[in-house]
Amino acid sequence: MLVAATERAQERVRMGSSSMIVCRRSAALILAFGLFTACASEVVRHPVTLRSDASAERPRIELAQTVTVESSSGFTRELAGGSVWGFHGSIPQGSVYKRVGGIFTIEGAHFHEAFLVISGNRLVGFYLPVERAFSPSEPITLILK
Amino acid sequence: MRKVWLAALLLVAMLGGCASGPKFETVASSITPVPSGQARIYFYRSGTLGAAIQPEIRLNDSVVGKAEPNGVFFVDRPPGNMEVVTGSEVDRKLTFTIGAGETRYVKLGVGLGVLVWRIIPELVDEPKAKSEIADLAFVTTK
């Protein structure tokens, strides 16, 4: 009887230490996840001057298909097929188009309203109207209607 | 027994911090239009996740309200550049522009931080926002 009780006690200790290990691992995972989500990098920004008096080659553009774009912070965003964008001005990197009938933001450490910057048929980045800055993205060819 | 107590505590924590007020859809038709020369910004938080965390919401450095779970409120401001900051564990900013007569919707999302939940402001399109705020409690601001 004493032997059985001792074995039971030893088993409890073994189970206790293994659940401690699981607890420590879980805590480490939660901490790592928390640190990752808390430390998103800021989007790259270059100050620019918007020329709103510039003439537009295309006053409005409409995307023919949905595309996924990646901002400089690594976050991705979808540009919806059928979405319409109106000419808003120009910056040295290209023509600036603002979403019509909706909003568009990019994300890094913070969220920023953003307009598209298009050079030719290629999206080259975003114009951040509040920050008055250009934020580059992976260049991508847009299929327009 | 211990589990029951924990569940009860969790429930109280979740429900205790919810916004109170009439359901937004019942008062939506009586809300005054955007005043001339002004812009309107709605703030809302749906769900009870992280309900204990209710930071102040600052718009261009002025406190305009709190991130109350299941609550919605609005403020009218002169048009221009806007910066929304929620002051929980880590400041998360949202920047956007708004013109006269326009309305914007800022959703106060909840994310997991290092130690506590974080409130993250994000701009939302009008159709999505309208469907999400219909059932929320309308909180009047000062």
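Near the amide H of B:Gly109, within less than 5 Å, lie the amide hydrogens of B:Ile120, B:Glu122, all on another chain or at least 5 residues away, with H placed in the peptide plane. A straight chain from B:Glu102 to B:Arg77 at 0.36 nm per residue would run longer than the Cα-Cα distance by 8.0 nm. What separates the Cα centres of segment B:24-52 and segment A:93-136 is a distance of 27 Å.
Our summary gives segment A:46-141 a relative contact order of 26 percent, counting only alpha carbon pairs under 8 angstrom and 6 or more residues apart.
Annotation: amide H-H contacts under 5 Å for B:Glu102 (H modelled 1.01 Å from N, sequence separation of 5 or more, or interchain): B:Arg40.
The modelled label-to-label distance between B:Asn60 and A:Ala80, using points 7 Å beyond Cα along the C-beta direction, is 2.9 nm.
Across the cross-link table entries A:Lys98/B:Lys66; A:Lys145/B:Lys107; B:Lys23/B:Lys107; A:Lys145/B:Lys130; B:Lys23/B:Lys93, which are compared at the Cα atoms, the separations over 25 Å belong to A:Lys98/B:Lys66; A:Lys145/B:Lys107; A:Lys145/B:Lys130; B:Lys23/B:Lys93.
Note on A:Leu63, A:Leu50, A:Leu144, B:Leu123: ascending count of other Cβ atoms within 10 Å places them as A:Leu144, A:Leu50, A:Leu63, B:Leu123, the fewest first.
Read-outs: derived from the displayed coordinates by stated rules, not from any lab. For clarity, every value in this text was computed on a predicted model and none was experimentally measured. We place every Cβ from the backbone using ideal geometry, glycine too, and count neighbours over all the protein chains shown.
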